[in-house]
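Note sheet for the following structure.
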Amino acid sequence: MTAHQASGQHLHEYRTMFRIPRVVKDFASFFSEAGFQCFLVGGAVRDMLLGRKLQDFDIATDALPEDVIGVFHRVIPTGIKHGTVTVLFKGIRFEVTTFRIDQDYSDGRRPDSVVFTPSIEEDLKRRDFTINAIAYDLHNHRLLDPLDGRKDLKAGIIRAIGDPRERFREDGLRTIRACRFAAQFCFEIEEDTFAGISRSIDTVKMVSAERIRDELIRLLEANTPSVGFGLLDGSGLLRLIIPELTACQNVEQGDLHRYDVYHHLLYACDAAPRDNLAVRLAALFHDLGKPETLRTGPGGGEVSFHRHEQLSAELAEKILRRLRFSTHIIKQVGHLVAQHMFHYEPQWTDAAVRRFVSRIGEQNIADILSLRRADQLAIVGKRFVSDSLIALEKRIENVLAGDRALTLKELAINGNDIIRELQIPRGPRVGIILNHLLESVLDDPKQNEREILLRIAKNFYESRVSDTR
Ligand code: ATP
Ligand code: MG
């Protein structure tokens, strides 16, 4: 059998597996009508061959950005210098890039200039890994795989295209991408490729925090992010990106715990729900303050980490700021980490449960319980949820279903009522009174009635607040 016949056989095998979505076919027909080539490339082809859900569509074409702008109505010039535009077509985003060859990379992150080429094969060669360099010709319905990406896909291997060291020097982000893909697909990084990463970690210093953040987010969406963190650690990258994590290595934490702090954090992250970025990050960072707060008891056996949650929250927020995460995520993760050390006891009164919900915030309750579940699982290393957590969940449910006011907004009176009825000016004292009312209502929800609250407010004001400024 000739090589050509052999690839024809593959073609058949893969064509039956390939189901190109209708919208992609429709999209491609605009290119053929205008006389341009059109290939599906990158993640979509790889994920289709793996039978995974498709994320986004990267298209390679010989059309220039201005040609693409001429063909479609809604085009965003996302990276026009590099030949990329985003086309919005029937509600789907297509990243369309003109076939290109990258010129020198002097700064380790972006090519100095790009040169367009009429050849898809040339374009595939400049890509990062063989599994990302398979193209599907949308006009002629055939796969192009000049770098043997399918072989590596089948074998589960991440392999750099060309000389790994050179490729990682061109763009340091590729080192992190290799670890991310390995975690995402449970693949192995080929030996020379991995050696290339270890020898090129310095180029990561030149990569923007935003690009690193985006790869970390994808890594955190993997089934078991610990695989990726293990590779980042083994290559020396982790010490560079998140040294706060490697500082937890070999910090032992007493009898109850099976793992050192570092492994406990990684496994907690694995155990957190993969579709909840905030909880995964909180799990990954929740004990970062332990190395610094570690105290050993007089006998040398007992260890304690007094108030480590506070320091952990500060460190988590610092890391997330450095990596340019959104303010929303930073606040949410910081709050979850700072609050992760609650200890429920059956003796808690309903008032204590309401205070807990009020402090955590009703919208964060599901997250803090997820975090605790992940935390517990990563202590003993097997599926385990303590009875006390189940009991707490039940009690929270009851409290939320009953008479309730857990926030200032839910009180039967507001700041204006206080100003009017107590005849006091606007200012911080109004807030002090409202918080006092919330405390009273958390104790006894029956007090959440206008007349009762006004009476409590008056008493409190006269006895405790009136002479303060
Ligand atoms: P995902 O499923 O995360 O979208 P992807 O492989 O599609 O994975 P993208 O970042 O969308 O990743 O990039 C699309 C394609 O562009 C890649 O498959 C790869 O061929 C190429 N590519 C992306 N980033 C790089 C890079 N830093 N260096 C070389 N080629 C890259
Ligand atoms: Mg993609």
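The values are calculated or read from the model by the stated rules, or taken from the named source; none is laboratory data. Fair warning: this is a prediction, and the values are worked out from it, not measured in the lab. Backbone-built Cβ (ideal geometry, glycine too); neighbour counts: all protein chains shown. Accessible surface areas use protein heavy atoms only, side chains included; no ligands, DNA or RNA. Shrake-Rupley method; radii C 1.70, N 1.55, O 1.52, S 1.80 Å.
Yes or no, residue by residue, for (1) in contact with a Leu (Cβ under 8 Å, 6 or more places away or on another chain); (2) within 23 Å of ALA351 (Cα to Cα):
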residue	(1), (2)
ILE419	no, no
ARG426	no, no
GLU439	no, yes
PRO445	no, yes
ILE452	no, yes
ILE456	yes, yes
ASN459	no, yes
GLU462	no, no
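Every residue, every condition in (1) of a type in the set (A, V, I, L, M); (2) more than 18 Å from LEU138 (Cβ to Cβ); (3) within 16 Å of ligand 2 (Cβ to nearest atom); (4) in contact with a strand residue (DSSP E or B) (Cβ under 7 Å, 6 or more places away or on another chain), yes or no:
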site: GLY42; (1), (2), (3), (4): no, no, yes, yes
site: VAL45; (1), (2), (3), (4): yes, no, yes, yes
site: GLY51; (1), (2), (3), (4): no, yes, no, no
site: ASP56; (1), (2), (3), (4): no, no, yes, yes
site: ALA60; (1), (2), (3), (4): yes, no, yes, yes
site: ASP67; (1), (2), (3), (4): no, no, no, no
site: HIS73; (1), (2), (3), (4): no, yes, no, no
site: PRO77; (1), (2), (3), (4): no, yes, no, yes
site: VAL85; (1), (2), (3), (4): yes, no, yes, yes
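So if I check each of ALA366, ALA391, ALA457, which one is aliphatic (A, V, I, L, M), closer than 30 Å to ASP255 by Cβ and part of a helix (DSSP H, G or I)?
On the way: ALA366 fails: closer than 30 Å to ASP255 by Cβ; ALA457 fails: closer than 30 Å to ASP255 by Cβ.
Selected residue: ALA391, the only one of ALA366, ALA391, ALA457 that is aliphatic (A, V, I, L, M), closer than 30 Å to ASP255 by Cβ and part of a helix (DSSP H, G or I).
Among the residues making up region 73-90, those that are buried (at least 16 other Cβ atoms within 10 Å of the Cβ) and in contact (Cβ under 8 Å) with a residue 40 or more places away in the chain are VAL87, PHE89. Restricting attention to region 91-113 and to residues that are open to solvent by 30 Å² or more (accessible area, probe 1.4 Å) and among the hydrophobic types (A, V, I, L, M, F, W, C), the residue that is modelled with the highest pLDDT turns out to be ILE92. Summed over region 165-181, residues that are open to solvent by 20 Å² or more (accessible area, probe 1.4 Å) and either more than 10 Å from ligand 1 (Cβ to nearest atom) or at pLDDT below 95 (or both) total 4. Condition check for PHE39 on (1) of a type in the set (A, V, I, L, M, F, W, C); (2) modelled with pLDDT of 60 or more; (3) exposed (fewer than 14 other Cβ atoms within 10 Å of the Cβ): one failure, at (3).
Please go through region 407-417 and pick out each residue that is open to solvent by 40 Å² or more (accessible area, probe 1.4 Å) and either over 25 Å from TRP348 (Cα atoms) or not polar (S, T, N, Q) (or both).
First pass over region 407-417, keeping only residues open to solvent by 40 Å² or more (accessible area, probe 1.4 Å): 407-410, 412, 414, 416.
Answer for region 407-417, where residues must be open to solvent by 40 Å² or more (accessible area, probe 1.4 Å) and either over 25 Å from TRP348 (Cα atoms) or not polar (S, T, N, Q) (or both): LEU408, LYS409, GLU410, ALA412, ASN414, ASN416.
When GLU210, GLU244 are checked against the criterion of being more than 16 Å from ligand 1 (Cβ to nearest atom), part of a helix (DSSP H, G or I), surrounded by fewer than 23 Cβ atoms within 10 Å (Cβ to Cβ) and within 18 Å of the chain's Cα centre (by Cα), a single residue qualifies: GLU244. For region 379-390, the criterion of being charged (D, E, K, R), out of contact with any Phe, Trp or Tyr (no Cβ under 6 Å at 6 or more places or on another chain) and either modelled with pLDDT of 95 or more or within 27 Å of LEU438 (Cβ to Cβ) (or both) is satisfied by no residue at all. The set of residues in region 247-262 that are farther than 14 Å from VAL303 by Cα and open to solvent by less than 40 Å² (accessible area, probe 1.4 Å) comprises CYS248, TYR262. Of the set (1) away from ligand 2 (no atom under 16 Å from the Cβ); (2) surrounded by 18 or more Cβ atoms within 10 Å (Cβ to Cβ); (3) within 22 Å of the chain's Cα centre (by Cα), all apply to THR193 but (3). For region 49-67, residues that are more than 11 Å from ligand 1 (Cβ to nearest atom), closer than 22 Å to ASP145 by Cβ and surrounded by 15 or more Cβ atoms within 10 Å (Cβ to Cβ) total 3.
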